[in-house]
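The block underneath contains the structure these notes are about, expressed in structure tokens.
Please treat every number below as a calculation from the coordinates, not as lab data. All figures in this text were calculated on a predicted structure; none of them were measured in a lab. As a convention, Cβ positions derive from the backbone with ideal geometry for all residues, glycine included, and neighbour counts pool all protein chains shown.
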Amino acid sequence: MTTQAPFSATVAGVPLDRVMTALRRDRPVFHSEADLQHGFARALWDAAPGVHSRLEVPRRRPGRAEYLDLLCLGPEGGQTLIEFTYFTRDWTGTLPGPPDEEYRLRNHGADDLARLRFVEDVVRLEAFCDRPDRNGLAILVTNAPALWTAPKPRPTPPRDREFRLHEGRTLTGTLRWAGGTYAPNTRHLRGSYPLAWQPYSHLPGPGGLFRYLAVPVAPGAEPDTPVTA
């Protein structure tokens, strides 16, 4: 495990909070994860026209091909690789336009699998960020308080106990699913990642409070084959 100094969240040199401010102003809610990806790319363009974005970029490793949600290319050659998670509970509402736009979010339900997926995103970014001009960001947007709230004590630990994402926790080291009884879900993190949730939007009605979590992955030290669009 690597104990690393705090690494600021930037997108190809642009502060992440600048992009998120632009995003939440225009898009306080999204229909889907793909909608979030597109909205983020548009907000980045508005905030920093010199940064170019590419969606669903193939990243090939021996024996398999994977796809990166968003590749951001800075004007001075820096790259930021981003993975998104959009996990929702039920919410229905209409945002005024023009044009007015109706949203019907569904309840994804399995918050333990959302935690597993988010950790997997961080693991993948650690592997992808393998050169000094390439950093990563894992971004989770949600209106499910169970993800940012510390769990209450339970007689039997939940299977995702080591994958919890609540405020103030730190992700680091080897994370075991169900106490290590299901090895395929074990994940290994090289870095140490304190978790700090941020407000995103607050819309009318039950389920209208949204927050986001961003985990920055520091650049690696060794050059490798470039990520290409």
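For the range 1-90, the pair-distance distribution built from all alpha carbon pairs, in bins 10 Å wide starting at 0, is 15, 43, 31, 10, 0 percent.
Each Cα pair under 8 Å and six or more residues apart adds its sequence gap; the mean of these over the residue count of the chain is a relative contact order of 22 percent. When the alpha-carbon atoms of the range 64-221 are used, the pair Rg, Dmax equals 17.2, 54 angstrom.
Ellipticity at 222 nm from helices only: DSSP H runs of n ≥ 4 in the chain, each -39500 (n - 2.57), divided by the residue count, give -6500 deg cm²/dmol. Among the trypsin sites (Lys or Arg not before Pro) within the range 50-134, which fall in a DSSP loop and have no more than 15 other Cβ atoms within 10 Å of their own Cβ? When the trypsin sites (Lys or Arg not before Pro) of the range 50-134 are filtered for loop state and at most 15 Cβ neighbours within 10 Å, R106 remain. Mean-square fluctuations from a GNM of the chain, with a 10 angstrom spring cutoff on Cα atoms, peak among A65, A114, A127 at A65.
Taking Lys and Arg as +1 and Asp and Glu as -1, the other residues whose beta-carbon sits under 14 Å from that of F40 total -2.
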